[in-house]
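*Asks:* Structure below; questions to follow.
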Amino acid sequence: MIQVQHELDVRPILRAGGEPFTVIMDAVKKLGSGQALRLLATFEPIPLYGVLAKKGFAHAAREIGDGDWEVVFTPTAALASPQKAQPVGSTGGSAASPGWPEPSCHLDNRDLEPPEPLVRTLAAVEELRPGEVLSALLCREPVFLLPKLNERGHEWRGGFEADGKTYRLVVRKGAGKEAAA
């Protein structure tokens, strides 16, 4: 079960020209079992994703305005149960959205060379109806795919499985920017 998340706002440190890495890692060490960390920063901390993935955390990132970002780092053990999983990525809406429907499409992109996993996943998402969910297995964190999903208004969850080699990505198709305009 996921506990109440701990919040850490490093924006003042960053705006003062400081480096918050030690503060973040200290906060991670102090988390309780199954507890998530909600991090607020002045940029998307992409390098931190890999560091915390190795420590057993998946991430959910979204821009919250004025260039600031909210990233929720959730222990991957807490993500093992789909009914209790928290969104691991989001564009718009709450980062604590309730459960998603079961995926209607499953992709295994682990044996493909870049950029084929990105191309194949985006094409499959485009075939979904708004609200439908796709599941994809990847051999690495899809750092170039995730911003493209965000740009298109889709929500996503993702993280490394216990083997540390398989990245599971779950995408819920959004209405799309063209539909919202």
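The values are calculated or read from the model by the stated rules, or taken from the named source; none is laboratory data. Here the structure is a predicted model, which is why all the values come from computation and not from measurement. Positions of Cβ are backbone-derived with ideal geometry, glycine not excepted, and every protein chain shown enters the neighbour counts.
*Asks:* Tally the residues that are within 11 Å of the chain's Cα centre (by Cα) and free of Cβ contacts under 8 Å to residues at least 12 places away in the same chain, restricting the search to segment 146-169.
*Replies:* Final tally of qualifying residues: 1.
*Asks:* Next question, about the same structure. Suppose we filter E70, E19, E63 for residues that are of a type in the set (D, E) and more than 18 Å from the chain's Cα centre (by Cα); which single one remains?
*Replies:* E19 is the lone residue from the list that is of a type in the set (D, E) and more than 18 Å from the chain's Cα centre (by Cα).
*Asks:* Would you mention how many residues in segment 24-56 are exposed (fewer than 13 other Cβ atoms within 10 Å of the Cβ) and touching a strand residue (DSSP E or B) at 6+ places or on another chain (Cβ under 7 Å)?
*Replies:* Final tally of qualifying residues: 2.
*Asks:* Of all residues being in contact with a Ser or Thr (Cβ under 7 Å, 6 or more places away or on another chain) and part of a strand (DSSP E or B) in segment 32-74, which is modelled with the highest pLDDT? Just the residue, please.
*Replies:* Only one residue fits best here, namely D68.
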